[in-house]
Amino acid sequence: MEAKRLGLLHELVPKATTIAVLIDANNPASEIQLRDVQEAAPRLGVELVVLRANVESDFAPVFATLVRQRAEALLVCSSPVFHSWREQLVALAARHAVPAIYEWRDFPAIGGLASYGTSLTDAFRQAGVYAGRILHGTKPADLPSVQTIKFEFVINLRTAKSLGVTISDNLLSLADEVIE
């Protein structure tokens, strides 16, 4: 997913040659996320600045490093911590005029540039179906393991305009939701 988000961010900001990647230092998946992004970066012709955070007080220094390293865009990797501090991350990205892509639609809904990730609505629907089957007598061990297969790409055009980012017609046609 992170490599896909990096590719979309590169399409959103095609002139960016240096992209910052924010990972949750305490997330067990962060090394896999980082590896995926590092493998994708050369194919896109971008250099990465890896930033690590796991508490709110890390965010200001992270953005100071991002500015110092002249990163032209930001990929915020998937993390429950980042989701819980989404208002602060979106505000810092806006304050520093950094185009950023996130995992869930909650970010562009509050002013982030874009998101690409699993549909929480679909995941909750699947959880409801599971709960219903269990309530109707199916043993949980007899239920198949499922994974959400619906992904959402959301773009906030107001934010794009404020950042001076021109969204191509191709990207607009790929978006599941465009916030105007």
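Report whether or not D58 is of a type in the set (D, E) and farther than 26 Å from I167 by Cβ.
On the way: of a type in the set (D, E): yes; farther than 26 Å from I167 by Cβ: yes.
The answer is yes for D58.
Checking the condition closer than 24 Å to N27 by Cα, among the acidic types (D, E), out of contact with any strand residue (DSSP E or B) (no Cβ under 6 Å at 6 or more places or on another chain) and modelled with pLDDT of 95 or more, which residue from E152, E87 passes?
Sole residue among the options that is closer than 24 Å to N27 by Cα, among the acidic types (D, E), out of contact with any strand residue (DSSP E or B) (no Cβ under 6 Å at 6 or more places or on another chain) and modelled with pLDDT of 95 or more: E87.
Please work out which residue is modelled with the lowest pLDDT, limiting yourself to the range 167-180 and to residues that are of a type in the set (S, T, N, Q) and exposed (fewer than 11 other Cβ atoms within 10 Å of the Cβ).
Step one: filter the range 167-180 for residues of a type in the set (S, T, N, Q), giving 168, 170, 173.
Cutting the leftovers down to exposed (fewer than 11 other Cβ atoms within 10 Å of the Cβ) gives us 170, 173.
Values: N170: 91, S173: 94.
Looking at the filtered set, the residue picked out is N170.
What are the pairs with Cβ atoms under 6 angstrom where one residue, in the range 140-162, is in contact (Cβ under 8 Å) with a residue 24 or more places away in the chain and the other, located anywhere, is surrounded by 13 or more Cβ atoms within 10 Å (Cβ to Cβ) and of a type in the set (K, R)? Sequence gap at least six, or different chains.
E152/R105; V154/R105
Are there strands (runs of 3 or more DSSP E) fully within the range 15-111 with at least 3 residues that are farther than 28 Å from V178 by Cα and not hydroxyl-bearing (S, T, Y)? List them.
47-53
Can you tell me which residue among R95, R70 is charged (D, E, K, R), in contact with a strand residue (DSSP E or B) (Cβ under 7 Å, 6 or more places away or on another chain) and either surrounded by fewer than 14 Cβ atoms within 10 Å (Cβ to Cβ) or modelled with pLDDT under 95 (or both)?
Step by step, each of R95, R70 is checked, and only R70 is charged (D, E, K, R), in contact with a strand residue (DSSP E or B) (Cβ under 7 Å, 6 or more places away or on another chain) and either surrounded by fewer than 14 Cβ atoms within 10 Å (Cβ to Cβ) or modelled with pLDDT under 95 (or both).
Just to be sure I understand the filter: pairs with C-beta atoms under 8 Å, separated by 6 or more residues or on different chains, first member in the range 28-54 and within 11 Å of C77 (Cα to Cα), second member in a helix (DSSP H, G or I) and among the hydroxyl-bearing types (S, T, Y). Which pairs pass?
Taking only residues 6 or more apart or on different chains, the pairs are L51/T65; R52/S30.
The values are calculated or read from the model by the stated rules, or taken from the named source; none is laboratory data. These figures come from a predicted structure and were not determined experimentally. Reconstructed Cβ throughout: ideal geometry from the backbone, glycine too, with neighbour counts over all protein chains shown.
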